[in-house]
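Okay, structure first, notes after.
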Amino acid sequence: MRKLVYYIGVSIDGYIAGPGGEADFYPVTDTYAAELGAEFPEAIPTHVRASIGMDVDTPNKNWDTILMGRGTYAPAYDAGILSPFAHMKQYVFSSTLAPVDDPNVEIVAGDPVELVRELKRQDGLDIYLCGGGNLAAQLIDEIDQLIIKSYPVVAGDGIAAFTSVFKPTSFTAVRRKEFDNGAQVTWFDRA
């Protein structure tokens, strides 16, 4: 069965972005970007790949499906990029967006839990939960693994990794790696 994996960057105080969606305050070095890009190539948007020296056709290693909330999809959509992860099937959860003209992008107004359960039963690589915090909170019972990039920054305010939910859920750290920018990446499996 496929796993739902929440791969996300967070500040020390648990924010994935600033109040306006900002994420440029996270320190990124060339070494850090190269190592994570090699381990998770599918997390690099298709339209960004050439600009960082990555082959546009780099195969997916971990995931072939991505889930995003409206806020996570917005920067690409607002820039006219309808399919930011053209190398994966994309599901965007929104009750306000109209369908887009791209076969790899499906706008979903319905229950994310039911869709995830259906996707898990299908063949393929695992499923990448890209964000945001509201969608992650709705899917907390379906998340099989967390891969948390913890940055040495206090944001103070912003979009929490899980919003509007108090539901203590246990995970077990199974791997951790430190990087030259002070970030730690930790892999957690559902306990």
### Query
Of the residues that make up the stretch 87-106, is at least one modelled with pLDDT of 95 or more, buried (at least 16 other Cβ atoms within 10 Å of the Cβ) and over 27 Å from residue 58 (Cβ atoms)?
yes
### Query
So, in the stretch 1-43, of the ones that are surrounded by fewer than 20 Cβ atoms within 10 Å (Cβ to Cβ) and touching a helix residue (DSSP H, G or I) at 6+ places or on another chain (Cβ under 6 Å), which residue ends up farthest from residue 157 (Cα to Cα)?
1
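Which one of 126, 180, 141, 101 is out of contact with any strand residue (DSSP E or B) (no Cβ under 9 Å at 6 or more places or on another chain) and within 15 Å of residue 90 (Cα to Cα)? Show your work before the answer.
On the way: 126 fails: out of contact with any strand residue (DSSP E or B) (no Cβ under 9 Å at 6 or more places or on another chain); 180 fails: within 15 Å of residue 90 (Cα to Cα); 141 fails: within 15 Å of residue 90 (Cα to Cα).
After applying the criteria, what remains is 101.
The values are calculated or read from the model by the stated rules, or taken from the named source; none is laboratory data. Quick caveat: nothing in here was measured; it's all calculated off a predicted structure. Virtual Cβ from ideal backbone geometry, glycine too; neighbours counted across all protein chains shown.
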